Amino acid sequence: MRTDEIRSLFLEFFRSKGHEIVPSDSLVPKDDPTLLFTGAGMNQFKEKFLGRNVTYTRAASSQKCLRTGDLENVGRTAGHHTFFEMLGNFSFGDYFKQEAIQWAWEFFTIVLKIPSDRLWVSVYNDDDEAYNIWEKKIKVPAYKIMKFGAKENFWPSEAPTKGPNGPCGPCSEIFYDYGSGVGCQKETCTPACDCGRFVEVWNLVFTQFDRQPDGSLKPLPKKNIDTGMGIERIASVLQGVRTNFDIDIFVPIVKEIETLAGRHDFRQAKTITCDAQNLRFRINAMADHVRAVVFCIADGVMPSNEERGYVVRKLIRRAMLHGREIGIKEPALYKLVSVIADVMKAPYPELRVRRDDIAQIVKREEENFLFILQNHLPKVEAAFEDFRRTEAPDRLAEIAFNFYDTYGMPYEMLEDIAERYGLKIDRNAFDRFLDKQRELSRSRTKIKGEIFSETFAKKVEALRLKTEFVGYEKTHAEAKVLAVLEDGEVILDKTPFYGESGGQVGDRGRIETSSGAMEVEDAKKIGDTIVHIGSMLKGTIAVGEIAKVSIDESARNKIMANHTATHLLQAALKKVLGDHVRQTGSLVDSQHLRFDFTHMKKMNERELSRVEEIVNDNIKKAIPVKKEIKDIETARREGATALFGEKYDNMVRVVTVEGVSKELCGGTHLDNTKDIGIFKITSESSIASGVRRIEAVTGRAAEEWLEGRKRAAEAKKKAEAHKEEEKKFYAKRLEEEAERIELFLSRAKNVADTKVIIENIGDISIDGLRALADRIRQREKDAIVLLGTRLADKVSFVVSVPEKAVKKGISANSIAKEAAVILDGSGGGRDNFAQGGGKAAARLEEAFNKALHTIRERLG
């Protein structure tokens, strides 16, 4: 039975039992910051399990899931995966154990026709209710009903003793028995044995308790059902194969990898050698990893060094390393994308639509990593070899981090290389270097030469000076000068100047003391310090002085308008394109805004117009912009959007445009959306595979941009009007010349009973020449026609040859090329028609004489 059929049968079976069939949720969980990826079918129903928004009480789904906890086992075992589909049926305070157990048994034995003697079950030790249902209602023999403890048969595992607090309950598992000839082959073998004879195929969770802080299990007023069955595992059972990688949806992927590696022999071998086992493991792992990558990218998770994107990049690179071990040295994973899209086309047709984009992203990642391997792997090996002989062990983490930071070497690879040299990297020390680098990267810039190099940032940090930012409330302040750096940068104890961070540029303005004045051209935030950069207008500024500090309010207002508009833009993009839209970068200054986001393809004009319309509607609604300080957990629970990979303090600033947007943001914003004025998108482009960029302007800048476009449109309209007049003129000239066709025929040269018409036509376009040649041929179908025209200092011509002359060796293409050489230009076409032109207009007659000579030679 094919996997697609199993999926359909499952959903239809539960539809017949009154269940709402719910489509798979995205791999990126919605409104759940506790999850990196969707890892279970119940994730999208969390609200309903809590009794909220219960629009139906029964549901069934086939959910896309991703788990990386057992990454090392993927490919080595028969059933471990990163990406998999989980079939599940759910009850929200509706049916309970008897129906869940009865329907599971019915689906297995009646619908899938699995022999009942092949099935065993397990229950939680204390769950007599479930035990009795299995034994007395379903008639499963008592020896086939296993009782396990809370570690195996309670969800969450060991919740009664170890927590967490909250909804929990016992579970019952269904096992498939491969038979006594498999595994340990002992007569006493049961599902308690891990020999491989028994495989768990369905887990039924009975959520009936609410664990209290004192550890007691309080019965829930409404009991729920949450079941999960891996479709790959049940498919392996029904298809009679021993591993999930041998089922119908994996075999085409595995075979393609074998082809890419040039290895097909190991599967036919009578004995499984170590080499064949290693080959099988690596091919299976590649198939799994690339499948996971395809689904992640399709759901908007792009390869990167942060959070979900890091998982995708890690899977691509692990798959590439497996490929290198079996002989695949060049980018090849991208070739598997179309195979996966085809295999999964029935349940996920969107993969076929996006496969080219996904393949490009994967290929680019492969090329980047291949460059790293080819150019920097020898450097790592040499450094570790030298380290083993000369260095102290506590330096290894720093050396490894330098390769990670400088060359993009994956930590896992560095760890593997270290092990080959008998070394071990201190992961905690490595992570400390990583955290420090991330902080420095936020403050690093190239402005003012090397001023914001890593060395400069370290110097600023070493000063341990803290600047209080008062710019949310004030545009002017009095402050004390804490430091004046060697290139004239000033550090104050407090400032209204926003230090560049979070994509918002630093403020401009002025610092004045009794001894001098400084024009501030920029401000940067390094740690807790805001550094003011600029040039002295007069005198000097000294440490300890009291300064009057003021920002350029006009510039700040424009920045605030652009920043608030950026929040409205992101909300509009999600509404128009979908929830896969994720911010990857931004720039907000006084002139414009720039927003980078994940999206698989170019936005069309309709989408851009709709986004623009939504933003401007929210501006016109004059919505107040609320800024609040909240603890991070409260903000997340309320649905505040955070940047992936960004670290936040316990207390965060939440910027809310009610009903539109709620984001964690430390930038400066307007108090009301109406103050933005108008919003206009000026461009949309690609900056990387799967990443788009929108640039836009607001307020007066938007008005000026629109005025410029209007002027350009008017100029274009005039040009088009001129072109139309020109077109009419040439049309008139064509008709005038058409009236002279009889004259042209009377002047034609006769060459071997073929008329050759050669005419220099004045004031006519190349299109007119083509049309005139056609009309002459309509009048005299076997005539050879050469027409030329001179416009300004250039000449154009056409050559038309009838089929009769072509058969005798006359080629319009050859004639045009010969003429073009004489005219210092270019020409060509087909044997029966060609055209050309050149700069040597005075030599047109010479070119035509040469053409006539050629015709006479061929027809002679």
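Below is a table of values for the structure above.
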read-out: Accessible-area value, HIS476, 1.4 Å probe, nucleic acids and ligands omitted, Å²; value: 100
read-out: DSSP-defined beta bridges in the chain - what % are antiparallel, rounded to 5; value: 90
read-out: Listed pairs LYS97/LYS151; LYS602/LYS662; LYS144/LYS223; LYS139/LYS162; LYS222/LYS662 exceeding 23 Å between Cα atoms; value: LYS602/LYS662; LYS144/LYS223; LYS139/LYS162; LYS222/LYS662
read-out: Acute angle (nearest 10 degrees) that the helix 454-463 long axis makes with the longest principal axis of the chain, alpha-carbon atoms; value: 50
read-out: Computed log₁₀ I(q)/I(0) - Debye formula, equal Cα scatterers, no solvent, the stretch 201-253, q 0.15, 0.16, 0.26 Å⁻¹; value: -0.58, -0.60, -0.95
read-out: Placed amide H near ILE758: partners under 5 Å, 5+ positions off or other chain; value: LYS749, LEU786
read-out: Inter-part distance where the stretch 166-230 and the stretch 804-860 are each reduced to a Cα centre, Å; value: 86
read-out: Over 21 Å between alpha carbons, listed pairs LYS113/LYS137; LYS630/LYS680; LYS466/LYS524; LYS732/LYS804; LYS64/LYS314; value: LYS630/LYS680; LYS732/LYS804
read-out: Cβ-derived FRET efficiency at R0 51 Å, LYS459 paired with VAL353, nearest 0.05; value: 0.45
read-out: All aspartates and glutamates inside 15 Å of LYS186 as judged from Cα atoms, apart from same-chain residues fewer than 8 positions distant; value: ASP177, ASP194
read-out: Pairwise label distance in nanometres, LYS46 with ALA719, each label 7 Å out on the Cα-Cβ vector; value: 5.5
read-out: Estimated translational D of the stretch 174-220 in µm²/s (Stokes, Kirkwood radius over Cα pairs; 4 °C; 1.567 mPa s); value: 98
read-out: Rounded to whole Hz, the Karplus (6.51, -1.76, 1.60) HN-Hα couplings of the stretch 502-518, x for glycine and proline; value: x, x, 9, 5, x, 6, 10, x, 8, 10, 10, 10, 5, 10, x, 9, 10
read-out: Placed amide H near GLY75: partners under 5 Å, 5+ positions off or other chain; value: HIS80
read-out: Förster radius 30 Å - calculated FRET efficiency between ASP70 and LYS17 (Cβ-Cβ, nearest 0.05); value: 0.40
read-out: Descending Cα extents along the principal axes, the chain, whole Å; value: 112, 88, 66
read-out: For the chain, calculated [θ]222 nm from helices alone, where every DSSP H run of n ≥ 4 adds -39500 (n - 2.57); value: -12500 deg cm²/dmol
read-out: From phi via Karplus (6.51, -1.76, 1.60), per-residue ³J(HN,Hα) for the stretch 133-147 in Hz, x at Gly/Pro; value: 5, 4, 6, 8, 8, 8, 6, 6, x, 4, 5, 9, 10, 8, 10
read-out: Förster radius 25 Å - calculated FRET efficiency between ASP493 and GLU398, Cβ distance, rounded to 0.05; value: 0.10
read-out: Loop-located trypsin sites (Lys or Arg not before Pro) in the stretch 143-248 whose Cβ has at most 14 other Cβ within 10 Å (DSSP); value: LYS186, ARG242
read-out: Share, in percent, of DSSP beta bridges within the stretch 608-717 that are antiparallel, nearest 5; value: 95
read-out: SER685 versus LYS807: modelled label distance in nm, points set 7 Å from Cα along the beta carbon direction; value: 5.7
read-out: Separation of the LYS162 and ASN849 label points, Cα + 7 Å toward Cβ, nm; value: 10.2
read-out: Extension gain, LYS601 back to GLU553 (0.36 nm per residue minus Cα-Cα distance, nm); value: 13.4 nm
read-out: Over the stretch 534-654: Kirkwood hydrodynamic radius from C-alpha pairwise inverse distances, Å; value: 17.6
read-out: DSSP beta bridge pairing in the stretch 88-212, given as percent antiparallel to the nearest 5; value: 80
read-out: Cα long-axis angle, helix 427-443 against the chain (0 to 90 degrees, to the nearest 10); value: 40
read-out: Stretchable slack from LYS732 to ARG637, in nm (0.36 nm times residue separation minus alpha-carbon distance); value: 26.8 nm
read-out: J(HN,Hα) series, the stretch 734-747, from Karplus relation 6.51 cos²θ - 1.76 cosθ + 1.60, nearest Hz, glycine and proline x; value: 4, 5, 4, 6, 4, 5, 9, 4, 4, 5, 4, 5, 5, 9
read-out: Degrees separating the helix 97-106 axis from the principal Cα axis of the chain, which is the longest one; value: 60
read-out: Residues of the chain: accessible area per residue with a 1.4 Å probe, Å²; value: 48
read-out: Length released on extending from ASN760 to ALA142, taking residue separation times 0.36 nm less the Cα-Cα span; value: 212.0 nm
read-out: C-alpha center-to-center spacing [the stretch 709-773, the stretch 565-627] in angstrom; value: 50
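The values are calculated or read from the model by the stated rules, or taken from the named source; none is laboratory data. Just so we're clear, the structure is a prediction, and the values are computed from it rather than from any experiment. Cβ sites come from the backbone with ideal geometry, for glycine too, and all protein chains shown count toward neighbours. What goes into the accessible areas is simple: the full protein's heavy atoms, side chains included, and nothing from ligands, DNA or RNA. Shrake-Rupley method; radii C 1.70, N 1.55, O 1.52, S 1.80 Å.
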